[in-house]
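All of the numbers you see were taken from the coordinates with simple rules; none came from a lab. All figures in this text were calculated on a predicted structure; none of them were measured in a lab. Please note: Cβ atoms are built from the backbone with ideal geometry, for glycine as well, and neighbour counts cover all protein chains shown.
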Amino acid sequence: MEERIGVFVCHCGSNIAGVVDVKRVAEELGKYPGVAYSTDYTYMCSDPGQTMVKDAIKEHNLSGVIVAACSPTLHEATFRRAGRVAGVNPYQVEIANIREQCSWVHQGDKEAATRKAIKIIKTMVEKARLDEALDPIAVPMTHKALVVGGGIAGIQAALDIANAGYETILVERGPSIGGHMAQLSETFPTLDCSQCIMTPKMVEVAQHPRVKLMTYSEIDDVSGYVGNFKVKIRKKAAYLDRDICNGCGLCMEKCPAKTTSEFDEGLAQRKAIYTPFPQAVPNKPVLDRDHCTYFLNDGKCGICKKICPVQCIDYEQEDEIVEDEVGAIVVATGYDLYPIENLGEYGGGKYPDVITSLQFERMLSASGPTEGEVKRPSDGKVPETVVFLTCCGSRDPEAHMPYCSKVCCMYLTKHAMLYKHKVHDGQAYVFYMDVRTAGKGYEEFYTRAAEEDDVLFLRGKVSKIFEEDGKVVVWGVDTLAGRKVEIEADMAVLGLATVPNAAAKDLANMLKLHTDEWGFLAEAHPKLRPVESLAPGFYLAGAAQGPKDIPEAVAQASAAASKVAHLFAEEEYHREPIIAWIDEDTCAGCRVCVSVCPYDAAEFDVEKGIARIQEAICEGCGACIAACPSASAQQRNLTDEQVYKMVSAALEG
Amino acid sequence: MKIPYYPGCTLHERALDFDVSARECAKAVGVELQELPIWTCCGAVFPLVSDNVMEILAPVRNLAYAAREGDKLVTLCSFCYHVLKRANKVVKDDPEKMEKANLFLRADTEAREEVESYTRKDYEGQVDVLHYLEMLRDVVGYDEVKKKLRRTLDGLRVAPYYGCMLLRPKKEMEFDDPEQPSIFEEFLDTLGCDVVDFAMKTECCGGFQIVADEDLAVQCSRNVVGSALKNGAEIIVTTCPLCRYNLDKKQDEMAKSVRGFKKIPVVYFTQLLGIALGIGGEHIDFSDNYVDPRPVLAGKSLL
């Protein structure tokens, strides 16, 4: 059959037309073999533009379509939909990228850009001439989700997916869900008590009939693909049967071994058998063997076992691997604070009265180690002067992290305000680079701190903090007054940079999820697909993707949940058919493809003695095609023949 | 073990007490410091201009001389160390500047013969510039040093003063953490001293400002000395002749603005090392010290 290809050249406003002579391009392409129709338009992606494509398909009986416009990551799907509506197979609709790969990079040379645009389109015409009509591959799907991380984002995502009607597993590494939000005192800009808004959600998710909550558990392995993941979850040995435990707390009361509390950020002690905090969910302890007298002293102790009224203590317990199948995975692994020890210039980790923002949160919290009183760690004195420092490790490409951690301006403002509420005649200073208050009610909150609570905001950075005569001496600069500032304070609170959770990096590696150079999970598109990972079936929620405050984390979690619900709305999952296939006649069965396939999609058919591609698994990466010595492995709609023709078109003239 | 040694002008002329004690100590720990047969001033200040290779020719020439002698070059003065190390990094990291510097060296009539006949090859950053402290820690080993000690300096409260030149800029000097360094403390630990931590140990002593603006320089060194005193130090040790000068010889000026100012001796770290190694006599010479350290040392029966 003779190909009848339509070429539609987009101006993209002046993005393309400002550099490329679009009229000439359309004209030239009209003369190219196989092209039955060629035209140009200002915005091809707009409704009139798409209508133009659809009408032309019908009018000129087109067999294939080339839209010469922006990158296919933007609008390939758009035009494939339009093609399908008008009767062209979506996989015979191609994008020729003449914006990112042409007009934007050759702005100085109109003539050359125009010639290049023509070439780019010609190569795509060559490809389209040999494009087959394909159908998406339908694969069965497990309508059950896995949410990794039990902070506010994970909890929200799990609740939303469960409320949409799907089974959900919520896995949390620690003994309780709640994450960092459970540690916070009051939240900006409304000063809601964090516990008051958090704990009901924790209870709700734990009691939800469609949520299976697995705390003190970690993801051991994930295999499979979207719609059909197989997960192995390691239930870490808690050395007690948490199903039998009634949470009476006797063991925790009597346990003789103590260590520093992670939940209280080292400001208090906890027992070796413990729940991180009294409102923990589930409110059942775990035994930390690294600090347990029984384990450290060869079985000499055993008090918890003796005292437990329901006999749930089991020192022989081992990790248990639970296997399950899910169709989608939400990663909500959260953040850590940048290590305070890295801030040597502020004596981080060296001076007890130079503390982290999370330590100050615990201090402010009514259920914290000081029961809400501000007391400095060194001597328990109520500090009369406190200095708060923003950008400790953030916005510092020279020495630390280059990015803005987004939430520090607001929470330090809140810290200073709450400190003033508790210590009325105390003096609070906030050193800032810029006060960034982009959120609803945030600017008003900042103004209130400065005007009503007399928090002194100083624009400038602190160069050094040191202790002398029982004081924390802060050397800074007030750049608005143009002078150096020395403050003899009682305590300094560092607004440390937000960094991805350390353990989440290993998880991202295991799941093969893209991250940015700092380890934050990368979204599929920064604007248009902010809650999806590039890997199909993985969704992102919360600070694992980048620094976020609570409302944003919750919004992203709900968005991720709705994406999961969207996926689950179909009975089967439809995969892209642009994958590899093996020519059975020429395959020699050498198994090179099997060894190079990163997805284990290429397998060896022992009976036939040749390789085979499992359509449901192949991602179309092309590794086997490059490796196959007999060119038996081919990519659908990107065959060797197509590639050669495209190269020839590109090299012609 | 022989290691090439670059004394620098100050140790050659004014700070002989530093130079002599360092050489003797090296011998005692099994290192022969071999002074470069030819060397010139290091330039004393690392240039801030980045587009003028001329400014680093002096240190690069010295490094080229050192390359003939071995793969390491040990130096003591903080300024020399600073300039040599940074110039070396420029040559290593920037091929264009390396080539230019070598072209200059070849074109320089005075240096040409030396470079051609002496080094016979271009300088490409092959020398490792080591501070004497790094030599003790990484080449000899603090444990080895400890074995050679004749006595430990128990109970002597010593404040290690780094100054700024050894540590900054961090990425170029790669000497220690500029905020919380530890190489000096570990050294003093090796000698058995009571190490005094003080906040101003990495602040500037005033440096060359002593020439242009004495008040400013004295203010800087007063901060350093005051902080060491406040934290209970009996003696301050330094690695730099200029720091020694500012901290030691300006104590009368410091005393003018601080009521009850107590004087404190400032010595080179090699002088304390020498005492611990049992080196005596003319090799450990305190005659150039303004504030005499001998009473403090005698008080601990260390003399």
Original post:
So how far apart, in nm, are the two label points at residue A:607 and residue B:287 if each is 7 Å from Cα heading toward Cβ?
Top reply: 10.2 nm
Original post:
Hey, what's the Cα Rg ratio for segment A:5-136 versus the globular rule of thumb, 2.2 N^0.38 Å?
Top reply: 0.95
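For chain B, what does the equivalent ellipsoid look like in terms of its semi-axes, each the square root of 5 times an eigenvalue of the Cα gyration tensor, given largest first in whole Å?
34, 22, 16
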Original post:
With a ≥ b ≥ c the root eigenvalues of the C-alpha gyration tensor of segment A:250-307, is it rounded (a/c under 1.5), prolate (a/b larger than b/c) or oblate?
Top reply: oblate
Original post:
Rounded, prolate or oblate: which fits segment B:2-130, taking a ≥ b ≥ c as square roots of the Cα gyration tensor eigenvalues, rounded meaning a/c under 1.5, else prolate when a/b beats b/c?
Top reply: prolate
**OP:** Positive end of the charge dipole of segment A:1-154 (Lys, Arg +1 and Asp, Glu -1 on Cβ, about the Cα centre): tell me which of A:57, A:75, A:42 has its Cα farthest that way.
**Re:** A:75
Subject >> Sorted largest first, extent of segment A:365-424 alpha carbons per principal axis (Å) >> reply: 37, 23, 22
**OP:** Just report the Cα centroid separation between segment B:189-234 and segment A:152-184, whole Å.
**Re:** 54 Å
Original post:
Taking Cα centroids, how far is segment A:559-630 from segment A:286-314 in Å?
Top reply: 50 Å
**OP:** Beta carbons within 10 angstrom, averaged per residue: use that to sort the peptides A:634-642, A:60-68, A:163-171, highest first.
**Re:** A:60-68, A:163-171, A:634-642
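Mind pulling the per residue volume of the convex hull built on the Cα atoms of segment A:161-222? Å³ is fine.
108 Å³
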**OP:** Measure nothing but the geometry: give the 0 to 90° angle between the long axis through the Cα atoms of B:57-69 and the longest principal axis through the Cα atoms of chain B, rounded to 10°.
**Re:** 90 degrees
Original post:
Roughly how many Å is it from the Cα centre of segment B:269-303 to that of segment A:523-551, as a whole number?
Top reply: 65 Å
**OP:** Among DSSP beta bridges lying fully in the protein assembly as shown, give the percent that are antiparallel, nearest 5.
**Re:** 45 percent
Original post:
How large is the helix-only mean residue ellipticity at 222 nm for the protein assembly as shown, computed as the sum of -39500 (n - 2.57) over DSSP H runs with n ≥ 4, divided by its residue count, in deg cm²/dmol to the nearest 500?
Top reply: -10000 deg cm²/dmol
Subject >> Average beta-carbon neighbours from other chains, 10 Å sphere, peptide B:199-206 >> reply: 2
Original post:
Taking the Cα-to-Cβ direction at residue A:586 and at residue A:138 and moving 7 Å from each Cα, how far apart do the two end points lie in nm?
Top reply: 3.3 nm
Original post:
Counting only residues 5 or more places away or on other chains, whose amide H sits under 5 Å from the amide H of residue A:354 once H atoms are built in the peptide plane?
Top reply: A:492
Original post:
Among rounded, prolate and oblate, which fits segment A:336-499 when a ≥ b ≥ c are the square roots of the eigenvalues of its C-alpha gyration tensor, a/c under 1.5 means rounded, and a/b larger than b/c means prolate?
Top reply: rounded
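Between residue A:367 and residue A:424, what is 0.36 nm times their sequence separation minus the Cα-Cα distance? Round to one decimal in nm.
So the extension gain works out to 18.4 nm.
Can you pull a Stokes-Einstein diffusion coefficient for the protein assembly as shown at 25 °C (0.890 mPa s), Rh from Kirkwood over Cα pairs, as a whole number of µm²/s?
72 µm²/s
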Subject >> Overall Cα dimensions of segment A:477-518 - principal axes, largest extent first, Å >> reply: 51, 24, 8
Original post:
In segment A:313-406, what GluC sites (Glu not before Pro) fall in a loop by DSSP, with at most 15 other Cβ atoms inside 10 Å?
Top reply: A:316, A:318, A:371, A:373, A:384, A:398
**OP:** State, in angstrom, two size descriptors of segment B:150-299 derived from its alpha carbons: Rg to one decimal place and Dmax to the nearest whole number.
**Re:** 14.8, 44
Subject >> residue B:16 paired with residue B:92, simple spin-label distance in nm, labels 7 Å along Cα-to-beta-carbon >> reply: 3.6 nm
Original post:
Once amide H atoms are built 1.01 Å from N in the peptide plane, which residues 5 or more positions from residue A:313, or in another chain, come under 5 Å H to H?
Top reply: A:241
